[in-house]
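Student: Submitted below is the structure of interest, expressed as C-alpha cells.
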Amino acid sequence: MATATATATATACFLSPPATRAPKFTCSSTLATQPDSAKKRLLSLIADQDRGLRTQRDPAALSSIVAAIDAVAALGRGAVTTGPSLSATWRLLWTTEKEQLYIIENARWFGTAAGDVLQVIDVEKKALNNVITFPPDGVFFVRSGIEIASPQRVNFRFTSAVLRGRSWEIPLPPFGQGWFENVYLDDEIRVAKDIRGDYLIVERAPYDWKE
C-alpha cells in the first residue's frame, strides 16, 4: 500500500576532466527529506495547542497549522489511506471540531478532566467509535457504521451513543452522517478533513480501546 512517508535517495556521479592522471569519478547522495520535514513542522505547530483549545483563540496559529496540513496533504496525494492500515485505535492530537473541544474543555462537569480522545476504526467490520474518556471510569462514545467511498474518503453514519460510568449507562440518541478524507496516513499519524471543513490529527495509540 502506498503511504505518504516514502523518501528517495538520489545519487549523482560526475566525471572529472583528466589531467595527468586517470579520469576520476566522484559521487554525491541527496536524501529527499521533504515528507519528514513537513510532518515534523506540523507536529511542532500543534504541540502546544492543547488538542486545539488554544487554536480556537489564535487565528494566526490556525492559519499556520492549516498551511502545514496542506503541505502534508500534498505529499499524500494519490496514496491509498482507506485500506487495512486505517484500522486502529487513534488518539487525538489536535482538531478544529467544536463539539469535541467543547466536551474536552468542560469535562469538569464530570468531576474530572478529559482523558484520551479516541477514534477506533475497523475497516473490515465497517465500524467506527468516537470516544472521549473521563478517568477513572467514565466514557462517552458514539458508534458509527462506515463505508469506504474512495482511496481517501470514508462515509459514516452515527448509529448509537452512550454515556457510561462505573455502574451506570445512559443511552443517547445518535444523529448525523457525513464523510471524512484521510489526506495523510503513515505508521504514526493520520490527518483528516471532514464534510464540514474541520480537521483532525491523530496518532496511533499504544493500546486498543474496547467497549
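Student: Hey, rough spin-label estimate for residue 66 and residue 40, points 7 angstrom out along Cα→Cβ, what's it come to in nanometres?
Tutor: If labels sit at residue 66 and residue 40, their model points lie 2.7 nm apart.
Student: Let me ask something additional. What's the exposure ranking of 57, 91, 41, going from fewest to most Cβ atoms within 10 Å?
Tutor: 57, 41, 91
Student: Report the Cα centroid-to-centroid distance between the range 54-79 and the range 183-204 in angstrom, as an integer.
Tutor: Centre-to-centre (Cα) distance: 11 Å.
Student: Give, in nm to one decimal, the length gained when the segment between residue 48 and residue 108 is fully stretched (0.36 nm per residue of separation minus the Cα-Cα distance).
Tutor: Gain on extension, residue 48 to residue 108, equals 19.5 nm.
Student: Now for a different question. Fewest to most neighbouring Cβ within 10 Å: what's the order for 190, 51, 108?
Tutor: 108, 51, 190
Student: Continuing with the same structure: One quarter of the convex hull surface, Cα atoms only: what value does that give for the range 42-190 in nm²?
Tutor: Answer in nm², one decimal: 9.4.
Student: What are the residues whose amide H is under 5 Å from the amide H of residue 97, where those residues sit 5 or more places off or on another chain and H is modelled from the backbone?
Tutor: Placed amide hydrogens put 199 under 5 Å from residue 97.
Student: Excluding same-chain residues fewer than 8 positions from residue 193, which lysines have a Cα within less than 27 Å of its Cα?
Tutor: 39, 40, 98, 125, 126, 210
Student: So, one more: Calculate the spin-label point distance for residue 198 paired with residue 77, positioning each point 7 Å from the Cα along the beta-carbon direction, and give it in nanometres.
Tutor: If labels sit at residue 77 and residue 198, their model points lie 2.7 nm apart.
Student: For 157, 166, what ranking results if the residue with the fewest other Cβ atoms within 10 Å of its Cβ goes first?
Tutor: If I rank by nearby Cβ atoms, fewest first, I get 166, 157.
Any read-out appearing in this document is the output of simple, stated calculations on the displayed coordinates, not a laboratory observation. The shown structure was predicted, so the numbers you read here are calculated from the model rather than taken from an experiment. Cβ atoms come from the backbone with ideal geometry, glycine included; neighbour counts cover every protein chain shown.
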